[in-house]
Amino acid sequence: MKKAIFLIGSTVLSSLAYAGDDPVNCRSETHNVSVYGGYVASCTTSSGTDIRQYVTPSTTSFIRLHSHGQSCTTSLRYYGKQTVTSSQCDYTPKANLTLRALHDGTAYEAALRVSGSGSDRDGSIVSEKFWLNGAYKGSSISPIKVRTATRFTVKYEVTDNSGYTDSQTKTIWVNPQSDPCREGVSSC
């Protein structure tokens, strides 16, 4: 977990970053694959040159042979079956939360704009949720206007089609360029 603090004008942004996109539910899978080669293969180039090369066993049934700047393609004979074990993992989604403090041009108001995006390398995002200062807000947060310096903590959580989640939480101070309450404005 990384912690960073950024100073943006009159805005302080604190961030807890979670990695997301982590491998989970890893398992070994074993299956048989066809293997070709394991002998000297040969082919004839378009200029009539014969090329002969030893071909190590592989899962490819065709190969391109090269010799002295010339090449040709040949099919490989079936060699047999080979048992292969591989690791397969599911991956958690990745949440990306963006908080922006916006000043509307007046000295007395500022706004918080919240946006989130999620990604999932092995599926899709099926749910997005936001919390503002600990209170659940649903799948989005409308811009919030403030007239005095205000601290907001926003949590964004995504869920993928396998049920895995990732979240990101950030804190931001939204501060109008001046405080109308200290300057005698009556609508505070």
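Checking Ser86 against (1) over 30 Å from Asp166 (Cα atoms); (2) under 37 Å from the mean Cα position of the chain (by Cα); (3) surrounded by fewer than 11 Cβ atoms within 10 Å (Cβ to Cβ), only one condition comes out false. Which one?
(1)
Just to be sure, is Lys81 within 30 Å of Ile172 (Cα to Cα) and in contact (Cβ under 8 Å) with a residue 12 or more places away in the chain? Steps first, answer last, please.
Numbers: within 30 Å of Ile172 (Cα to Cα): no; in contact (Cβ under 8 Å) with a residue 12 or more places away in the chain: yes.
Taking the combined requirement at face value, the residue does not satisfy it.
Name the residues in the stretch 145-161 that are farther than 17 Å from Leu112 by Cα and either at pLDDT below 95 or open to solvent by less than 50 Å² (accessible area, probe 1.4 Å) (or both), would you?
Selection gives Glu157, Val158, Thr159, Asp160.
Do we find a residue being open to solvent by 50 Å² or more (accessible area, probe 1.4 Å) and closer than 30 Å to Thr30 by Cα anywhere in the stretch 124-144?
Yes, there is a match, as at least one residue in the stretch 124-144 is open to solvent by 50 Å² or more (accessible area, probe 1.4 Å) and closer than 30 Å to Thr30 by Cα.
Residues that are among the basic types (Lys, Arg) and over 30 Å from Tyr164 (Cβ atoms): does the stretch 89-98 have at least one? Spell out how you get there, then give the answer.
Residues of the stretch 89-98 among the basic types (Lys, Arg): 94.
Within this subset, residues satisfying the condition of being over 30 Å from Tyr164 (Cβ atoms) are none.
The answer is no, given that none of the residues of the stretch 89-98 is among the basic types (Lys, Arg) and over 30 Å from Tyr164 (Cβ atoms).
Hey, can you tell me all the residues within the stretch 91-100 that are open to solvent by 30 Å² or more (accessible area, probe 1.4 Å) and out of contact with any Lys or Arg (no Cβ under 6 Å at 6 or more places or on another chain)?
Of everything in the stretch 91-100, those that are open to solvent by 30 Å² or more (accessible area, probe 1.4 Å) and out of contact with any Lys or Arg (no Cβ under 6 Å at 6 or more places or on another chain) turn out to be Lys94, Asn96, Thr98.
Between a residue in the stretch 107-132 that is farther than 24 Å from Thr153 by Cβ and any residue that is basic (Lys, Arg) and assigned to a strand (DSSP E or B), which pairs come within a Cβ distance under 9 Å, given they are 6 or more apart or on different chains?
From the stretch 107-132, the pairs are Asp120/Lys94; Arg121/Lys94.
The values are calculated or read from the model by the stated rules, or taken from the named source; none is laboratory data. Since this is a predicted model, take the numbers as computed values, not measurements. Methodologically, a virtual Cβ is constructed for each residue, glycine included, from the backbone with ideal geometry; neighbour enumeration extends over all protein chains shown. Only protein heavy atoms, including side chains, enter the accessible area calculation; ligands, DNA and RNA are left aside. Shrake-Rupley method; radii C 1.70, N 1.55, O 1.52, S 1.80 Å.
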